[in-house]
Amino acid sequence: KKAEQLAAQARAPGADFAAIARASSDDIGSRATGGDLGWIARGGMPAPFEQALYALKVGEVSAPVRTDAGWHVIQLRQL
């Protein structure tokens with residue numbers, strides 16, 4: 001439910017994905033960088049995460065994605 005709310009918030013016009021991630025992420029590794037994971041090569045993340053990531057267009061925000069590490073909301077910033 002929380003991930004769905006955050007995804008909707010991140011999709012709102014003018015939303016600041018990084019600010020939302022800094023305020024809401026439970027991931028201590030990416031929270032401070034606004035959710036920025038850097039470049040992700042194929043095979044570097046769990047399959048559900050990668051499937052959602054590579055289906056996005058630049059600027060889009062994913063629906064919540066579940067992996068063994070928990071729930072994720074993904075924004076593709078650049079290719």
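The values are calculated or read from the model by the stated rules, or taken from the named source; none is laboratory data. Since the model is a prediction, treat every value here as computed from it, not as a measurement. For neighbour counting, all protein chains shown are included, and Cβ atoms are generated from backbone atoms with ideal geometry for every residue, glycine included. Accessible surface is based on the protein model in full, side chains and every heavy atom, while ligands, DNA and RNA are left aside. Shrake-Rupley method; radii C 1.70, N 1.55, O 1.52, S 1.80 Å.
Some observations on this one:
Table: residues versus (1) in contact (Cβ under 8 Å) with a residue 24 or more places away in the chain; (2) part of a loop (DSSP other than H, G, I, E, B); (3) not charged (D, E, K, R).
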{"position": "37", "(1), (2), (3)": "no, yes, yes"}
{"position": "43", "(1), (2), (3)": "no, yes, yes"}
{"position": "50", "(1), (2), (3)": "no, no, no"}
{"position": "58", "(1), (2), (3)": "no, yes, yes"}
{"position": "66", "(1), (2), (3)": "no, no, no"}
{"position": "71", "(1), (2), (3)": "yes, no, yes"}
{"position": "79", "(1), (2), (3)": "no, yes, yes"}
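Condition check ((1) small (Gly, Ala, Ser); (2) out of contact with any Ser or Thr (no Cβ under 8 Å at 6 or more places or on another chain)) across all residues:
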position	(1), (2)
7	yes, no
27	no, yes
62	yes, yes
72	no, no
78	no, yes
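- Yes/no for residue 26 being in contact (Cβ under 8 Å) with a residue 40 or more places away in the chain, in contact with a Gly (Cβ under 9 Å, 6 or more places away or on another chain) and not hydrophobic (A, V, I, L, M, F, W, C): yes
- Looking across the range 23-63, the residues that are open to solvent by 40 Å² or more (accessible area, probe 1.4 Å) and closer than 15 Å to residue 2 by Cα come down to 23, 26, 27, 63.
- Within the range 1-19, the set of residues being part of a helix (DSSP H, G or I) and closer than 19 Å to residue 66 by Cβ comprises 2, 3, 4, 5, 6, 7, 8, 9, 10, 11.
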